[in-house]
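Colleague: Mind having a look at this structure? Questions to follow.
Nothing in this text is a laboratory measurement; each read-out follows from the coordinates by a stated rule. Small disclaimer: the values here were computed from a predicted structure and weren't measured. Ideal geometry is used to build each Cβ from the backbone, glycine not excepted, and the neighbour counts take in all protein chains shown.
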Amino acid sequence: MARASASIATFLRQFRGETQTQARRLTVECSESESSSDGSSAGGNPDLGEIAKEVSNLIRTKPRWEQTLRSDFPSFNFADSQFFQELLKHQTNAFLLFKFFHWLRSELDFIPSIKTWNSVLQCCLKLGKTDLLWKMYQDMMETGVVADIDTDTVFCLIDAFAKGGEAGKGYELLKQLLKDGLPLQNAPFIKLISAFAKRGENDVVSELLHTMIARTMRPDVHTYQEVINGLCKNGMPLEALKVFNNLKDRGYAVDRVMYTTMIHGLCISKHVSYAKELWLEMIRKGIVPNHYTYNALIHGYFKSGNVEGAKELYKEMSDRRNCGETTVAYNTMITGLSMNGKNDEALELFKSMPEKGMVRDLISFNTLILGLCKEGRTVESRKLIEELLALGLHPSASTYSPVIQKLCLSGDVQEGIILWNEMQNKGLQPSAWTYHHFIAGLCKEKGYETEAMEWLFVMLKNNLKPKQSIFERVVQCLLQNDRVDDSLLVLNYMVKVGYSLRGIVINHFLWCKLPKNNPLFVKQNNS
DNA sequence: AAGAGTCGCA
């Protein structure tokens, strides 16, 4: 593995704000990477694997292994890095491994080599714990291995940046590797492409693809799958389809996941006919649709109003593939039915779930509540919320939002306030859209202008941008209650977030406040 | 080896 250059080390220090690293200590395992890395089980000590297996079992089953381990293996050197590598192979529980790693370092003065550190970092990534990774990385830098950092380390860091929403920093690192002319693999490219594609930053995605191609690294189907997924999620399904067709023309083996991703992307943007074409094409090629594929197309049919088609497909999935009786499949059906005004059918399915031994999850509840609210059935929706809480499920903002919105729209603001408070008490953050409905509802009700203003400020504090019309509603509402100073305060905020004064607001002022002593108004009256 | 799916977007 190539050692990373000094410039990378400097670069990394800038990123995470490390303090000066300590003087580098001599490592007891300095020769590890040269001599023994290739022969982990064949070369060297044949007992190592066996002992690793034993120790692995021990730390899994014995509660206080820390106290007895050394006397259990009196002459064994646990601080042998090869041993730790062996242990990594046998230990599947990463947290236990971290505990052991910590024990080695604190009790036995174990000084891990860069290879060991890399394995630890990879473990963090596997667990999806990027915060833990950065903590480990900090530790690692403090032990002074900074000069040993190799491309494996940097790959881990790039992955962590990509996963942690800092793809930009990851890309900077990759650029540094490129500049240093170090040998690269597909992996870091794929992670970054995936991250940028998800964010819809297509120019960066194509830049990365071009870099790969220029370095004769052939991006694989998996890479392109991320690209296609990103394009679809960002509302560019037809561009995704172009990439997809282009891949087929270039002889890539397009598999079931690719087809499913593409079909799903087309379905969510209402291009069902293209999706159906692909569906037939994959069957012609002998690729059997699985429950992901079925659900995607069923959802697409419902979305385009083809209820019969969706039902037929569902029946086929149940009869021929035997995967109709799952929570996901039912949720898809419930969503689709209530989206198409068939709430009673959806309700029936929903009610039959426990009888059939299926678990109803939050999505089952949320989708049904949404559908019922669309028809104004807020009483039933509230009952569903009670039921969900009784089952011990944790509601989300979209559990409450549709009910609050409907209540506010239909003038039942009092009930809306009750639910709003319940939602606040559970620490759920409403969407900007829900705030709008709620604030508008408060404005409609007499005597709630202070609340309306306060919730508008809460929105701003939570970095949500209220619509201009909501600002104006609140201003109007305040003026009607002679609260000129407060209305000016709200206007001030409105301008601060980038809106300009519109005629409507000026009219509110003219009508409500200014006529009495405004010379213009007096003049007009006289003339 | 992994990758893909269910909740509205006014």
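Colleague: Give the calculated FRET efficiency between A:Asp412 and A:Glu166 to the nearest 0.05, with a Förster radius of 56 Å applied to their Cβ-Cβ distance.
Modeller: 0.80
Colleague: Cross-link partners among lysines for A:Lys169, C-alpha distance below 20 Å, same-chain residues fewer than 8 apart left out?
Modeller: Within the straight-line cut-off, A:Lys169 pairs with A:Lys129, A:Lys135, A:Lys179, A:Lys191, A:Lys198.
Colleague: Oh, and also: I need to check one value: relative contact order of segment A:343-430, counting alpha carbon pairs closer than 8 Å and at least 6 residues apart, in percent.
Modeller: The value is 24 percent.
Colleague: So, R0 is 45 Å and r is the distance between the beta-carbons of A:Lys444 and A:His394; what FRET efficiency does that work out to, to 0.05? Don't skip to the answer; put the middle values down first.
Modeller: Working: r = 31 Å, r/R0 = 0.70.
Computed FRET efficiency for A:Lys444 and A:His394 comes out at 0.90.
Colleague: Another question about this same structure. Run down the aspartates and glutamates and flag those whose C-alpha is under 18 Å from the C-alpha of A:Lys444, throwing out any fewer than 8 positions away in its chain.
Modeller: Those aspartates and glutamates meeting the cut-off are A:Asp412, A:Glu415, A:Glu454, A:Glu472, A:Asp482, A:Asp486.
Colleague: For A:Leu393, A:Leu456, what's the fewest-to-most ordering of other Cβ within 10 Å of each Cβ?
Modeller: Neighbour counts put them in this order, fewest first: A:Leu393, A:Leu456.
Colleague: What number comes out for the charge environment of A:Cys232, summing +1 per Lys or Arg and -1 per Asp or Glu over other residues with Cβ under 13 Å away? Provide the component values of the computation, followed by the final result.
Modeller: Numbers: positive: A:Lys198, A:Lys233, A:Lys242, A:Lys270; negative: A:Glu226, A:Glu239.
That works out to +2.
Colleague: Which aspartates and glutamates does A:Lys115 reach when only Cα atoms under 20 Å apart count, and residues fewer than 8 places away in its own chain are ignored?
Modeller: Partners found: A:Glu29, A:Glu32, A:Glu34, A:Asp38, A:Asp80, A:Glu86, A:Asp139, A:Glu142, A:Asp148, A:Asp150, A:Asp152, A:Asp159.
Colleague: By its C-alpha gyration tensor, with a ≥ b ≥ c as the square roots of the eigenvalues, how is segment A:343-430 shaped: rounded for a/c under 1.5, else prolate for a/b larger than b/c, else oblate?
Modeller: On the way: a/c = 2.52, a/b = 1.43, b/c = 1.76.
Because a/c hits 1.5 or more and a/b fails to exceed b/c, segment A:343-430 counts as oblate.
Colleague: What residue among A:Pro354, A:Val254, A:Ile385 has its Cα farthest toward the positive end of the dipole of chain A, where the charges are +1 on Lys, Arg and -1 on Asp, Glu, each on the Cβ?
Modeller: Of the listed residues, the answer is A:Ile385.
Colleague: Give or take rounding to whole Å, what are the principal axis extents of the alpha carbon atoms in chain A, in descending order?
Modeller: 103, 64, 54
Colleague: Dipole of chain A (Lys/Arg Cβ +1, Asp/Glu Cβ -1, origin at the Cα centre): which of A:Ile369, A:Val474, A:Ala197 lies farthest to the positive side?
Modeller: Of the options given, the answer is A:Val474.
Colleague: Can you compute the modelled spin-label distance between A:Asn186 and A:Lys62, with each label point 7 Å from Cα toward Cβ, in nm?
Modeller: Result for the modelled spin labels: 4.4 nm.
Colleague: Still on this structure: Would you mind computing, in nm to one decimal, how far apart the modelled labels at A:Gln480 and A:Thr326 are, each placed 7 Å from Cα along Cα→Cβ?
Modeller: Distance between the two pseudo-spin positions: 5.2 nm.
Colleague: Over 21 Å between Cα atoms, which of A:Lys315/A:Lys356; A:Lys426/A:Lys461; A:Lys315/A:Lys374 qualify?
Modeller: A:Lys315/A:Lys374
Colleague: Same structure, new question: Only four residue types carry charge here, +1 at the Cβ of Lys and Arg and -1 at the Cβ of Asp and Glu. Report the dipole size of chain A about the Cα centre in Debye, rounded to the nearest 20.
Modeller: The calculation lands at about 1440 debye.
Colleague: A follow-up question, please. Would you kindly state how much longer the chain becomes between A:Asn463 and A:Thr216 on full extension, computed as 0.36 nm times their sequence separation minus their alpha carbon distance, in nm to one decimal? Write down the numbers at each step before the final one.
Modeller: Values: separation 247, 0.36 × 247 = 88.92 nm, distance 4.46 nm.
Between A:Asn463 and A:Thr216, full extension yields an extra 84.5 nm.
Colleague: For a quick protection proxy, order the peptides A:369-378, A:196-205 by their average other-Cβ count within 10 Å, most packed first.
Modeller: Going from most to least packed, we get A:369-378, A:196-205.
Colleague: Report the net charge of residues surrounding A:Tyr252, where surrounding means a beta-carbon distance below 10 angstrom and charges are Lys +1, Arg +1, Asp -1, Glu -1.
Modeller: Net charge in that neighbourhood comes out at 0.
Colleague: Using the number of other C-beta atoms within 10 angstrom as an exposure proxy, rank A:Leu182, A:Leu510 with the fewest first.
Modeller: On the way: A:Leu182 17, A:Leu510 14.
Exposure proxy ranking, most exposed first: A:Leu510, A:Leu182.
Colleague: Using a cut-off of 15 Å between beta-carbons, work out the net charge of the residues near A:Glu50 (Lys and Arg +1, Asp and Glu -1, A:Glu50 not included).
Modeller: -3
Colleague: Please go through the residue pairs A:Lys446/A:Lys467; A:Lys270/A:Lys406; A:Lys233/A:Lys303 and name each one whose alpha carbons sit more than 18 Å apart in this structure.
Modeller: Going by Cα-Cα distance, A:Lys446/A:Lys467; A:Lys270/A:Lys406 fall outside the 18 Å limit.
Colleague: Which of A:His271, A:His210 comes first, and how do the rest follow, when ranked by fewest Cβ neighbours within 10 Å?
Modeller: Fewest to most other Cβ atoms nearby, the residues stand as A:His210, A:His271.
Colleague: Under a crude label model (7 Å from the Cα following the beta-carbon direction), how far is A:Arg250 from A:Glu387 in nanometres?
Modeller: According to this spin-label approximation, the distance is 5.1 nm.
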